[in-house]
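All remarks here apply to the structure that follows.
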Ligand code: ACO
């Protein structure tokens, strides 16, 4: 049994923010941001939370799939910016869409989250435990940004994407590959609650804003992009030439370009939309996948690779037949 994508959707807040926005309060400019990252604009929430974005993406994915929300067996939400620790964002979406019988939980693997969530959900389908699953990746990154830090504030955006997976005799998800390794220098950090209780007076120096050591992240990310593509193709009988499109985590243009390196023949296969959305972390691959389907860039039988990398460190890839 395989799991197949039968619908996809995405949603971003109705508030497009161009690079010039940052020039009034940060020592930065459009030229620096564009040339270092390829980002021209992103969307920032004016109050919608992660579950709101995920709900709208889910509704669009359900529409395309033809499934009704109350037919869903399972909901997985990948995010590092949940509305709350409890209930999970997946449970809030379940309530919003009326997925009465679905079980629901969140997965945290930062920018690789959608790859992890798809892999987990597809295992449930492939082993026969469920017949279908709604998988969402989404973030309101703007609530985690320190808007006085030019090295991070300009990179990220808010948004969510979703797919509906269903059991199928035909592939489907052919293979997935996941990885993780210690980010010993803590180059990508978003802290949760500090330990403060009757035995600890005050946690020192804790923030709840994202912090990043850009060069370390660049080094890590450019190492794993090629590896994740090689690993997901290994032992499948397929090669680069068979792949129609690679949809990577939309971190930035320069990073992807560097990671492709000498393999320039792969360049045309990479779908990038980071110029319009910025880095939406767990949302990015899901949004891009939905966008290419909406644009009619894929047809049944096409082979694609989804590819994520990010905090943890974590990374992952999936080889999928449309
Ligand atoms: N505007 C102007 N200057 C800036 C800005 C900005 N927005 N941000 C940083 N700078 C400054 C720094 O303060 C530094 O100044 P200094 O030299 O005086 O200390 C200088 O620019 C660094 O410049 P470069 O060395 O040219 O920058 P670099 O080439 O390292 O590019 C970048 C920085 C784009 C962040 C790069 O390291 C990178 O792409 N890293 C990957 C980070 C990333 O994409 N993270 C996303 C989240 S993680 C993920 O999704 C996997």
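Residue-wise test of (1) modelled with pLDDT under 95; (2) in contact with a helix residue (DSSP H, G or I) (Cβ under 7 Å, 6 or more places away or on another chain); (3) part of a strand (DSSP E or B); (4) within 30 Å of residue 212 (Cβ to Cβ).
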{"position": "92", "(1), (2), (3), (4)": "no, yes, no, yes"}
{"position": "119", "(1), (2), (3), (4)": "no, no, no, yes"}
{"position": "129", "(1), (2), (3), (4)": "no, no, no, no"}
{"position": "160", "(1), (2), (3), (4)": "no, yes, yes, yes"}
Please indicate, with yes or no, whether at least one residue in region 272-287 is near the ligand (Cβ under 10 Å from one of its atoms) and over 19 Å from the mean Cα position of the chain (by Cα). no
Candidate set: region 16-39, residues that are more than 9 Å from the ligand (Cβ to nearest atom), over 25 Å from residue 259 (Cα atoms) and part of a helix (DSSP H, G or I); chosen: the one farthest from the chain's Cα centre (by Cα): 23
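Yes or no: residue 260 modelled with pLDDT of 95 or more, touching a helix residue (DSSP H, G or I) at 6+ places or on another chain (Cβ under 9 Å) and surrounded by fewer than 23 Cβ atoms within 10 Å (Cβ to Cβ)?
no
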Within region 131-150, take every residue that is in contact with a strand residue (DSSP E or B) (Cβ under 6 Å, 6 or more places away or on another chain) and part of a strand (DSSP E or B) and give me the one that is surrounded by the most Cβ atoms within 10 Å (Cβ to Cβ). 138
Go through region 183-242 and give me each residue that's part of a loop (DSSP other than H, G, I, E, B), within 14 Å of the ligand (Cβ to nearest atom) and surrounded by 12 or more Cβ atoms within 10 Å (Cβ to Cβ). 183, 186, 187, 190, 209, 210, 213
Can you go through 305, 260, 247, 256 and tell me which one is within 15 Å of the ligand (Cβ to nearest atom) and touching a residue at least 40 places away in the same chain (Cβ under 8 Å)? 247
In region 94-117, residues that are part of a helix (DSSP H, G or I) and within 25 Å of residue 249 (Cβ to Cβ) total 8
Inspect region 103-110 for any residue being surrounded by fewer than 20 Cβ atoms within 10 Å (Cβ to Cβ), away from the ligand (no atom under 16 Å from the Cβ) and farther than 17 Å from residue 312 by Cα and give the result as yes or no. yes
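Can residue 153 be described as under 22 Å from residue 9 (Cβ atoms) and either within 13 Å of the ligand (Cβ to nearest atom) or touching a strand residue (DSSP E or B) at 6+ places or on another chain (Cβ under 9 Å) (or both)?
Details: under 22 Å from residue 9 (Cβ atoms): no; either within 13 Å of the ligand (Cβ to nearest atom) or touching a strand residue (DSSP E or B) at 6+ places or on another chain (Cβ under 9 Å) (or both): yes.
No, not satisfied.
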Residue satisfying all of: in region 161-178; more than 16 Å from the ligand (Cβ to nearest atom) and under 18 Å from residue 113 (Cα atoms); surrounded by the fewest Cβ atoms within 10 Å (Cβ to Cβ) among these: 175
First in region 16-40 and under 17 Å from residue 145 (Cα atoms) and without any contact (Cβ under 8 Å) to a residue 24 or more places away in the chain, second anywhere and within 12 Å of the ligand (Cβ to nearest atom) and part of a helix (DSSP H, G or I), Cβ under 8 Å, 6 or more apart: 18/30; 23/30
Just to be sure I understand, how many residues within region 40-64 are touching a strand residue (DSSP E or B) at 6+ places or on another chain (Cβ under 8 Å) and part of a loop (DSSP other than H, G, I, E, B)? 5
Among (1) assigned to a helix (DSSP H, G or I); (2) surrounded by 19 or more Cβ atoms within 10 Å (Cβ to Cβ), where does residue 251 come up short? (1)
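The values are calculated or read from the model by the stated rules, or taken from the named source; none is laboratory data. In this text, all values refer to a predicted model and were calculated from it rather than measured experimentally. Backbone-built Cβ (ideal geometry, glycine too); neighbour counts: all protein chains shown.
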